[in-house]
Amino acid sequence: MSDPLTDRFPPTEQWRRSLATYAKLVRVPNLFTAPPDVILGAAIVSTFGYAARAGTIAGLALASVLLYAAGTTLNDYFDAGEDARERPERPIPSGDISRRRALIFGATLLVSGVGIAFLSGGPSAAVVAAVLAVGIVAYDGALKGSVPGYLTMGANRGINVVLGMAAAASPSVLPMRAYLIPAIVTLYIGSVTYMAESETGATERLAVSIGVAGTSIAAFGVVGATVVTPVSAVGTAVAVALLGGFLVWTGRPLRTAYADPAPETVGPAIGACVLGLTILAAAFAATAGAGWAIAAGSFFIPAAGLSKLFDVS
């Protein structure tokens with residue numbers, strides 16, 4: 001199979017450009033937003049008396065990263081025609097990687113993610129990962145741009161939290177209230193996905209308003225979780241501080257996008273909301289203990305740093 005990079009550049013330059021190409025393809029800053037979901041899930045089940053080994057959580061976090069990378073890669077595979085018109089700088093339309101190679105890479109990531117979930121967390125985790133894989137393909141391949149698509153994308157993030165819950169317990173044995181936080185994450189990312197559909201083409205203030213609404217629901221969710229869950233004084237302080245950080249991080253670009261809803265303002269707002277999920281996950285995790293919050297929130301630093309070098313949306 002011919003590789004466009006191999007054909008055009010000497011070996012050292014090929015390696016550097018190939019690394020940059022794949023980093024763009026998987027949206028490398030976004031990959032750091034996946035492990036906090038898993039850590040949050042493990043934190044949630046800990047409040048119900050279940051304990052997960054650190055190794056299991058780490059393995060499922062890796063599976064989550066691979067599945068996320070598969071999603072962004074397959075997104076570009078399916079969107080190759082649209083990207084050629086509207087985002088010609090992306091790896092496939094720019095000629096840095098062939099569409100076929102992207103498909104093979106994305107499929108490999110998808111299968112690897114499910115496999116690592118099985119090796120790390122057993123059958124229950126593998127089932128959750130497989131459901132997530134189906135949701136990824138469904139969104140990328142058929143549902144994008146529709147209400148079912150927005151909900152599917154949001155649900156994929158909620159399922160990613162459930163993947164973390166599977167680190168300690170089969171999701172089927174948990175009470176329904178254990179799924180409230182994953183449901184809030186679903187609504188939040190669903191609203192951000194709706195807003196993202198306005199990033200190119202005609203942009204409407206309504207789309208930004210939906211994103212603001214989803215962010216507000218997420219914020220109230222943290223407050224509610226802090227109220228209904230027995231939380232230590234330290235945990236409460238950490239949750240409040242992280243919630244404030246989440247609102248500042250997402251609020252400024254959302255306010256700018258609402259005041260002047262255009263692609264150049266909506267794009268940064270989407271990026272802020274995506275990266276802000278790490279802070280949101282940490283705030284929710286703080287209700288299970290400050291340690292969980294630190295573990296989840298630590299991923300924000302590399303995510304935000306890499307976002308200065310690579311596109312998020």
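Would you mind telling me which numbered condition in (1) surrounded by fewer than 20 Cβ atoms within 10 Å (Cβ to Cβ); (2) more than 18 Å from Ala125 (Cβ to Cβ); (3) modelled with pLDDT of 95 or more Thr33 fails?
Condition not satisfied by Thr33: (1).
So, in the stretch 145-158, exactly how many residues are closer than 22 Å to Tyr77 by Cβ and either surrounded by fewer than 18 Cβ atoms within 10 Å (Cβ to Cβ) or in contact with a His (Cβ under 7 Å, 6 or more places away or on another chain) (or both)?
Residues that pass the stated criteria total 3.
For the stretch 107-132, which positions are under 14 Å from Ser170 (Cβ atoms) and out of contact with any helix residue (DSSP H, G or I) (no Cβ under 7 Å at 6 or more places or on another chain)?
Of everything in the stretch 107-132, those that are under 14 Å from Ser170 (Cβ atoms) and out of contact with any helix residue (DSSP H, G or I) (no Cβ under 7 Å at 6 or more places or on another chain) turn out to be Gly122, Pro123, Val127.
Quick check, is Ala237 exposed (fewer than 14 other Cβ atoms within 10 Å of the Cβ), out of contact with any strand residue (DSSP E or B) (no Cβ under 9 Å at 6 or more places or on another chain) and either small (Gly, Ala, Ser) or in a loop (DSSP other than H, G, I, E, B) (or both)? Walk me through it before giving the result.
On the way: exposed (fewer than 14 other Cβ atoms within 10 Å of the Cβ): yes; out of contact with any strand residue (DSSP E or B) (no Cβ under 9 Å at 6 or more places or on another chain): yes; either small (Gly, Ala, Ser) or in a loop (DSSP other than H, G, I, E, B) (or both): yes.
It is true that Ala237 is exposed (fewer than 14 other Cβ atoms within 10 Å of the Cβ), out of contact with any strand residue (DSSP E or B) (no Cβ under 9 Å at 6 or more places or on another chain) and either small (Gly, Ala, Ser) or in a loop (DSSP other than H, G, I, E, B) (or both).
Test Ile301 against the criterion of being β-branched (Val, Ile, Thr), under 21 Å from the mean Cα position of the chain (by Cα) and exposed (fewer than 15 other Cβ atoms within 10 Å of the Cβ), and give yes or no. Working first, answer last.
Numbers: β-branched (Val, Ile, Thr): yes; under 21 Å from the mean Cα position of the chain (by Cα): yes; exposed (fewer than 15 other Cβ atoms within 10 Å of the Cβ): yes.
So Ile301 fits the description; yes.
Name the residues in the stretch 266-297 that are under 15 Å from the mean Cα position of the chain (by Cα) and among the hydroxyl-bearing types (Ser, Thr, Tyr), would you?
Thr278
When only residues in the stretch 60-88 that are more than 17 Å from the chain's Cα centre (by Cα) and among the small types (Gly, Ala, Ser) count, which is farthest from Arg157 (Cα to Cα)? Don't jump to the end; show me each part of the working.
Step one: list which residues in the stretch 60-88 are more than 17 Å from the chain's Cα centre (by Cα), which gives 77-88.
Filter again for among the small types (Gly, Ala, Ser), leaving 80-81, 84.
Details: Ala80: 24, Gly81: 26, Ala84: 28 Å.
By that ranking, first place goes to Ala84.
Looking at Ala281, is it hydrophobic (A, V, I, L, M, F, W, C), closer than 24 Å to Leu163 by Cβ and touching an Asp or Glu at 6+ places or on another chain (Cβ under 8 Å)?
Values: hydrophobic (A, V, I, L, M, F, W, C): yes; closer than 24 Å to Leu163 by Cβ: yes; touching an Asp or Glu at 6+ places or on another chain (Cβ under 8 Å): yes.
Criteria met by Ala281.
Which residue, of Ala142, Ala117, Ala130, Ala167, is buried (at least 22 other Cβ atoms within 10 Å of the Cβ), in a helix (DSSP H, G or I) and aliphatic (A, V, I, L, M)?
Details: Ala142 fails: buried (at least 22 other Cβ atoms within 10 Å of the Cβ); Ala130 fails: buried (at least 22 other Cβ atoms within 10 Å of the Cβ); Ala167 fails: in a helix (DSSP H, G or I).
From the options Ala142, Ala117, Ala130, Ala167, the qualifying one is Ala117.
Could you tell me which numbered condition Val26 fails, if it satisfies all but one of (1) modelled with pLDDT of 95 or more; (2) within 15 Å of the chain's Cα centre (by Cα)?
Status for Val26: all satisfied but (1).
Listed here are the residues, each with its yes/no results for (1) in contact with a Pro (Cβ under 8 Å, 6 or more places away or on another chain); (2) small (Gly, Ala, Ser).
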residue	(1), (2)
Met165	yes, no
Ala169	no, yes
Met176	no, no
Tyr179	no, no
Arg205	yes, no
Ala213	no, yes
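For Val173, work out the one condition from (1) modelled with pLDDT of 95 or more; (2) within 30 Å of Thr56 (Cα to Cα); (3) among the β-branched types (Val, Ile, Thr); (4) surrounded by fewer than 18 Cβ atoms within 10 Å (Cβ to Cβ) it doesn't fulfil.
Of (1) modelled with pLDDT of 95 or more; (2) within 30 Å of Thr56 (Cα to Cα); (3) among the β-branched types (Val, Ile, Thr); (4) surrounded by fewer than 18 Cβ atoms within 10 Å (Cβ to Cβ), only one is false for Val173: (1).
The values are calculated or read from the model by the stated rules, or taken from the named source; none is laboratory data. Please read these numbers as outputs of a predicted model, since none were measured by experiment. Reconstructed Cβ throughout: ideal geometry from the backbone, glycine too, with neighbour counts over all protein chains shown.
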